[in-house]
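K.L.:
I'd like to ask some things about the structure below.
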Amino acid sequence: MKLLLDECVTRLVRRDFVGHDVYTVDEAGFKGLKNGALLRRAVSDDFEVLITVDQNLAHQQNVKSSGVAVLILVARRNTYEALKPVIPEALEVLDKIRSGEIVRVKTPGNV
């Protein structure tokens, strides 16, 4: 699966998404794009899932009709150490997620 890591996600998590083609926004040439433009570019470059920690994206964009799925990693902080515990569940979600879906994966204690 072709995954795009949003600018707000530490690039260190890419190594944990084993078996997937993972690109950072910077590597894809999308650095600085706002969420709507980022979703459109992700679709045009055949990305299947945008991985972000931006919980507002779901309320700001019409992801359902965007043509890409969004996986939101929810942790107390946006550090590798804080995000690492959600990766196993995130990998399971990637097996089921479909275009237009938004799925949140949370660390215990986050609502």
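K.L.:
Would region 41-54 turn up any residue that is of a type in the set (Lys, Arg) and at pLDDT 85 or above?
P.N.:
Yes, some residue in region 41-54 is of a type in the set (Lys, Arg) and at pLDDT 85 or above.
K.L.:
Suppose the filter is under 18 Å from ARG104 (Cα atoms) and either touching a helix residue (DSSP H, G or I) at 6+ places or on another chain (Cβ under 8 Å) or free of Cβ contacts under 8 Å to residues at least 60 places away in the same chain (or both); does LEU12 pass it?
P.N.:
no
K.L.:
Something else about it: Restrict the check to region 98-111 and report whether at least one residue is in contact with a strand residue (DSSP E or B) (Cβ under 7 Å, 6 or more places away or on another chain), basic (Lys, Arg) and assigned to a loop (DSSP other than H, G, I, E, B).
P.N.:
yes
K.L.:
Looking only at residues in region 1-51 that are part of a helix (DSSP H, G or I) and among the β-branched types (Val, Ile, Thr), which one is nearest to VAL86 (Cα to Cα)?
P.N.:
VAL13
K.L.:
Looking at region 1-40 only, could you name the residues that are more than 13 Å from the chain's Cα centre (by Cα), at pLDDT below 90 and of a type in the set (A, V, I, L, M)?
P.N.:
Correct list: LEU33, ALA37.
K.L.:
Hey, among LEU4, LEU33, LEU12, which residue is surrounded by 14 or more Cβ atoms within 10 Å (Cβ to Cβ) and either closer than 23 Å to LEU91 by Cβ or of a type in the set (Val, Ile, Thr) (or both)?
P.N.:
LEU4
K.L.:
Taking ARG98 as the residue in question, decide whether it is among the basic types (Lys, Arg), surrounded by 14 or more Cβ atoms within 10 Å (Cβ to Cβ) and under 14 Å from the mean Cα position of the chain (by Cα).
P.N.:
Here the answer is no, as ARG98 does not meet what is asked.
K.L.:
I would also like to ask the following. Hey, does region 69-79 have a residue that's part of a loop (DSSP other than H, G, I, E, B) and in contact with a strand residue (DSSP E or B) (Cβ under 6 Å, 6 or more places away or on another chain)?
P.N.:
The answer is no; no qualifying residue exists.
K.L.:
Since VAL49 meets every condition but one in (1) among the aliphatic types (A, V, I, L, M); (2) in contact (Cβ under 8 Å) with a residue 24 or more places away in the chain; (3) exposed (fewer than 15 other Cβ atoms within 10 Å of the Cβ), which condition does it not meet?
P.N.:
(3)
The values are calculated or read from the model by the stated rules, or taken from the named source; none is laboratory data. From a predicted model like this one, the values you see are computed outputs, not experimental measurements. Heads up, the Cβs are rebuilt from the backbone with ideal geometry, glycines too, and the neighbour counts pull from every protein chain shown.
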